[in-house]
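Chemist: Dumping the structure here so I can ask a few things about it.
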């Protein structure tokens with residue numbers, strides 16, 4: 001199965017990996033070649049899923065790190081730094097680290113191998129018992145697998161706490177008329193304890209939960225449509241509504257998830273993983289002072305019509321862009337001009353939107369093209385090259401529209417429509433810059449998914465949804481509550497694996513294809 005937190009490529013503004021445009025390289029690693037089949041013929045039938053899962057997990061966890069290492073040293077070499085100290089050592093450490101027993105490859109082997117090896121032990125007597133047997137075997141395997149990952153202690157989920165205490169100890173002193181009674185205060189050494197936190201596998205758990213819910217609701221919707229199809233009361237309008245629901249569910253999930261992620265990035269960046277937050281900031285390409293001004297406006301420290309000492313924040317930005325310094329003073333400019341949001345593109349919101357699209361497309365194209373060209377190296381020809389260029393352009397257009405819709409949504413709320421809805425007075429401006437403008441941008445950006453075909457929409461929606469859910473949970477929590485996450489993961493995985501064995505087509509997207517290839521006899 002694909003590791004949700006280590007997908008190859010860089011995530012897009014919503015956390016989407018470029019590999020989604022490449023159909024997830026891990027899916028291409030399914031052992032279908034003739035050479036692999038010859039090797040696999042020497043492996044016992046029951047052990048084949050285990051071996052496939054381990055190799056797939058190993059490649060999917062090691063390949064992105066090797067790619068990053070090679071890219072880093074290639075850039076250093078291009079910059080004229082001929083010495084590549086530590087390259088071979090780092091290369092070997094990455095290969096060796098992937099074989100660590102509490103890493104992702106071993107987890108995949110336990111999860112898949114356990115599901116297939118434990119099932120025959122139950123000897124089912126009927127189809128229903130067979131489903132129950134598969135579910136139980138998958139539950140046990142998932143429980144053991146996730147516990148293996150959770151057993152690893154990492155610095156990010158470990159904290160050393162010192163508890164300073166002061167103990168008063170009464171000690172008798174020599175009696176004296178001048179000092180009738182004294183007490184000596186002794187401060188012993190501060191006790192130090194190590195505290196371990198849970199949450200390291202939360203992303204993986206939410207990935208499993210999302211997939212399980214998709215399987216369950218997909219099955220319920222399928223039964224509903226089958227029942228309605230044979231009903232004489234079915235009308236053309238009801239069929240149209242059902243068709244719209246089927247077509248818009250994935251785009252709606254993606255748009256809602258994107259809105260939640262972008263809102264979190266803007267107002268609660270600490271809830272996102274550091275690398276995730278850094279990448280979105282790079283894609284957004286916005287002056288941090290502008291973001292901070294809108295955050296302070298929402299927090300209430302920057303108030304329009306009052307001097308609360310916040311003028312230097314945007315005032316320094318006005319100096320840098322050669323604007324009137326009064327534009328950045330919330331006591332004078334109510335609200336600050338939308339040209340500040342445009343960051344040097346002029347007063348027109350539409351021109352700023354076009355400029356954003358052009359810059360975002362160029363930035364994304366330089367990232368997506370090399371990743372697409374990597375696949376051309378397998379079978380280099382003009383057709384593959386053309387496909388790589390088209391795919392890179394499609395990915396860049398999607399990301400460009402995503403970023404453009406976010407910024408134009410902000411302008412739409414602040415300048416084009418917002419003043420006519422909430423008013424132009426101080427209260428209305430405070431409400432607009434206190435969250436409504438950012439909320440409008442967040443609500444609009446995710447609908448760029450409509451540029452993609454239906455097949456990719458479901459993959460992208462199912463990829464982003466667990467990341468959106470992760471913003472609602474703490475990144476670390478009490479270790480004593482970890483059993484709840486373990487149980488949820490095991491139950492969700494049991495649903496997905498049972499469905500993959502009983503009805504493989506119900507597990508949608510790339511994951512369904514990967515599981516079908518790994519679990520086949």
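The values are calculated or read from the model by the stated rules, or taken from the named source; none is laboratory data. Everything numeric in this text was worked out from a predicted model, so none of it was measured. Heads up, the Cβs are rebuilt from the backbone with ideal geometry, glycines too, and the neighbour counts pull from every protein chain shown.
Chemist: Scan (1) modelled with pLDDT under 50; (2) not in a strand (DSSP E or B) for the single condition residue 185 breaks and write down its number.
Modeler: Residue 185 satisfies all of (1) modelled with pLDDT under 50; (2) not in a strand (DSSP E or B) except (2).
Chemist: Would you mind telling me which numbered condition in (1) within 35 Å of the chain's Cα centre (by Cα); (2) closer than 17 Å to residue 425 by Cβ residue 331 fails?
Modeler: (1)
Chemist: Which residue pairs have Cβ atoms closer than 8 Å, lie 6 or more positions apart in sequence or on different chains, and pair a first residue in segment 135-152 that is free of Cβ contacts under 8 Å to residues at least 24 places away in the same chain with a second residue that is part of a helix (DSSP H, G or I) and surrounded by fewer than 17 Cβ atoms within 10 Å (Cβ to Cβ)?
Modeler: 137/117; 137/121; 137/122
Chemist: Hey, among the residues in segment 453-483 that are more than 27 Å from residue 390 (Cβ to Cβ) and in a loop (DSSP other than H, G, I, E, B), which one's modelled with the lowest pLDDT?
Modeler: If we take residues in segment 453-483 being more than 27 Å from residue 390 (Cβ to Cβ) and in a loop (DSSP other than H, G, I, E, B), then 475 is modelled with the lowest pLDDT.
Chemist: Which of the residues spanning segment 504-519 are in contact (Cβ under 8 Å) with a residue 60 or more places away in the chain and either outside the structural domain of residue 222 (by TED's automatic domain parsing) or within 23 Å of residue 45 (Cβ to Cβ) (or both)? Can you show your working first?
Modeler: Of the residues in segment 504-519, the ones in contact (Cβ under 8 Å) with a residue 60 or more places away in the chain are 506-508, 510-511, 513-515, 517-519.
Answer for segment 504-519, where residues must be in contact (Cβ under 8 Å) with a residue 60 or more places away in the chain and either outside the structural domain of residue 222 (by TED's automatic domain parsing) or within 23 Å of residue 45 (Cβ to Cβ) (or both): 507, 513, 514, 515, 517, 518, 519.
Chemist: Among all residue pairs at least 6 apart or on different chains, which show Cβ distances below 8 Å where the first residue, located in segment 29-48, is more than 20 Å from residue 116 (Cα to Cα) and the second is at pLDDT 60 or above and in a loop (DSSP other than H, G, I, E, B)?
Modeler: Note: no pairs meet the criteria.
Chemist: Considering only segment 98-114, I want to know if a residue exists there that is more than 19 Å from residue 492 (Cα to Cα) and modelled with pLDDT of 90 or more. Outline the logic, then answer.
Modeler: Restricting attention to segment 98-114, the residues satisfying the condition of being more than 19 Å from residue 492 (Cα to Cα) are 98-103, 105-106.
Retained after the next criterion (residues that are modelled with pLDDT of 90 or more): 105-106.
Yes, segment 98-114 contains a residue that is more than 19 Å from residue 492 (Cα to Cα) and modelled with pLDDT of 90 or more.
Chemist: Name, by its number, the condition in (1) closer than 30 Å to residue 274 by Cβ; (2) in contact with a strand residue (DSSP E or B) (Cβ under 6 Å, 6 or more places away or on another chain); (3) at pLDDT below 85 that does not hold for residue 157.
Modeler: (3) is the only condition that residue 157 fails.
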